């Protein structure tokens with residue numbers, strides 16, 4: 001993304017913040033705007049693709065909350081990157097899983113579904129907490145060791161399996177995978193990358 005385009009994005013977000021400043025939610029808006037600016041500047045997706053992925057994730061979460069049956073049976077994480085929808089977690093019903101996957105696959109903008117869900121009971125809180133710690137460790141390792149810019153690689157951890165998403169070169173993917181494998185608690189690394197030619 002060019003500096004001029006990044007400047008336009010920043011200006012737009014600042015203008016939006018100022019326009020809503022009198023609503024009493026200034027602090028939250030400023031924080032969200034700052035995070036969004038950083039995400040877009042360091043992202044290899046276009047602004048449109050970035051927004052589309054956000055919409056896909058919102059729709060997916062709404063589907064997962066759409067009925068008591070789904071809420072009871074499924075603990076599924078959804079992450080979209082450039083139209084690739086990654087599904088991880090647990091679905092405690094063999095009959096529900098195909099229907100749920102079909103609904104998630106039919107979301108507008110989804111180009112591909114990577115289904116890594118398992119038919120088993122939901123993980124306990126301690127396991128989810130451990131996954132969050134692993135994700136944090138991996139993000140820190142990648143930031144310190146790979147030289148990849150902030151938010152270039154998305155990290156998702158479920159049951160000790162780490163999924164890496166993003167638009168990267170083959171060399172960047174290999175480096176990210178190598179460093180992720182050395183993080184304590186990581187059981188396996190799954191690459192859900194899209195590849196681009198090296199600069």
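Is it fair to say residue 164 is surrounded by 13 or more Cβ atoms within 10 Å (Cβ to Cβ), in contact with a helix residue (DSSP H, G or I) (Cβ under 8 Å, 6 or more places away or on another chain), at pLDDT below 95 and more than 30 Å from residue 95 (Cβ to Cβ)? Spell out how you get there, then give the answer.
On the way: surrounded by 13 or more Cβ atoms within 10 Å (Cβ to Cβ): yes; in contact with a helix residue (DSSP H, G or I) (Cβ under 8 Å, 6 or more places away or on another chain): yes; at pLDDT below 95: no; more than 30 Å from residue 95 (Cβ to Cβ): yes.
In short, no.
For the condition in a loop (DSSP other than H, G, I, E, B) and either in contact with a strand residue (DSSP E or B) (Cβ under 8 Å, 6 or more places away or on another chain) or closer than 22 Å to residue 43 by Cα (or both), what is the one hit in 156, 186?
Selected residue: 186, the only one of 156, 186 that is in a loop (DSSP other than H, G, I, E, B) and either in contact with a strand residue (DSSP E or B) (Cβ under 8 Å, 6 or more places away or on another chain) or closer than 22 Å to residue 43 by Cα (or both).
Working carefully through the options 156, 183, 189, 162, find the one that is under 18 Å from the mean Cα position of the chain (by Cα) and either in contact (Cβ under 8 Å) with a residue 40 or more places away in the chain or assigned by TED's automatic domain parsing to the domain that holds residue 83 (or both).
Details: 183 fails: under 18 Å from the mean Cα position of the chain (by Cα); 189 fails: either in contact (Cβ under 8 Å) with a residue 40 or more places away in the chain or assigned by TED's automatic domain parsing to the domain that holds residue 83 (or both); 162 fails: either in contact (Cβ under 8 Å) with a residue 40 or more places away in the chain or assigned by TED's automatic domain parsing to the domain that holds residue 83 (or both).
That would be 156, the only listed residue that is under 18 Å from the mean Cα position of the chain (by Cα) and either in contact (Cβ under 8 Å) with a residue 40 or more places away in the chain or assigned by TED's automatic domain parsing to the domain that holds residue 83 (or both).
Taking residue 138 and the conditions (1) under 21 Å from residue 57 (Cα atoms); (2) crowded, with 17+ Cβ neighbours inside 10 Å, which numbered condition does it fall short on, given that it satisfies the others?
Just one mismatch for residue 138, condition (1).
Do we have residue 51 as at negative phi, in a loop (DSSP other than H, G, I, E, B) and either free of Cβ contacts under 8 Å to residues at least 24 places away in the same chain or buried (at least 19 other Cβ atoms within 10 Å of the Cβ) (or both) here?
Numbers: at negative phi: yes; in a loop (DSSP other than H, G, I, E, B): no; either free of Cβ contacts under 8 Å to residues at least 24 places away in the same chain or buried (at least 19 other Cβ atoms within 10 Å of the Cβ) (or both): yes.
Spelling it out, it is not the case that residue 51 is at negative phi, in a loop (DSSP other than H, G, I, E, B) and either free of Cβ contacts under 8 Å to residues at least 24 places away in the same chain or buried (at least 19 other Cβ atoms within 10 Å of the Cβ) (or both).
Give me a count of the residues in the range 117-135 that are within 18 Å of residue 177 (Cα to Cα) and either crowded, with 18+ Cβ neighbours inside 10 Å or touching a strand residue (DSSP E or B) at 6+ places or on another chain (Cβ under 6 Å) (or both).
3
Determine which single condition residue 141 fails, assuming it passes every other condition in (1) at pLDDT below 90; (2) under 13 Å from residue 176 (Cβ atoms); (3) more than 16 Å from the chain's Cα centre (by Cα).
Tallying (1) at pLDDT below 90; (2) under 13 Å from residue 176 (Cβ atoms); (3) more than 16 Å from the chain's Cα centre (by Cα), residue 141 fails exactly one: (1).
Please state which of the following conditions residue 68 fails to meet, knowing it meets all the rest: (1) more than 26 Å from residue 194 (Cα to Cα); (2) touching a residue at least 40 places away in the same chain (Cβ under 8 Å).
Tallying (1) more than 26 Å from residue 194 (Cα to Cα); (2) touching a residue at least 40 places away in the same chain (Cβ under 8 Å), residue 68 fails exactly one: (2).
Keeping to the range 65-84, report how many residues are crowded, with 16+ Cβ neighbours inside 10 Å and under 21 Å from residue 159 (Cβ atoms). Don't jump to the end; show me each part of the working.
Pass one, the range 65-84, residues crowded, with 16+ Cβ neighbours inside 10 Å: 70, 73-84.
Remaining after also requiring under 21 Å from residue 159 (Cβ atoms): 70, 73-81, 84.
Selection size over the range 65-84: 11.
Looking only at residues that are touching a helix residue (DSSP H, G or I) at 6+ places or on another chain (Cβ under 6 Å), buried (at least 18 other Cβ atoms within 10 Å of the Cβ) and not in a helix (DSSP H, G or I) in the range 86-109, which one is modelled with the lowest pLDDT?
Within the range 86-109, the subset touching a helix residue (DSSP H, G or I) at 6+ places or on another chain (Cβ under 6 Å) is 91-93, 96, 103-104, 107, 109.
Going one step further and asking which of them are buried (at least 18 other Cβ atoms within 10 Å of the Cβ), we end up with 91, 104, 107.
Applying the additional criterion that residues be not in a helix (DSSP H, G or I) yields 91, 107.
Details: 91: 95, 107: 98.
Checking each candidate, the answer is 91.
The values are calculated or read from the model by the stated rules, or taken from the named source; none is laboratory data. These numbers come from a predicted model, not from an experiment. Don't worry about glycine lacking a Cβ; one is built from the backbone with ideal geometry, like all the others, and counts go over all protein chains shown.
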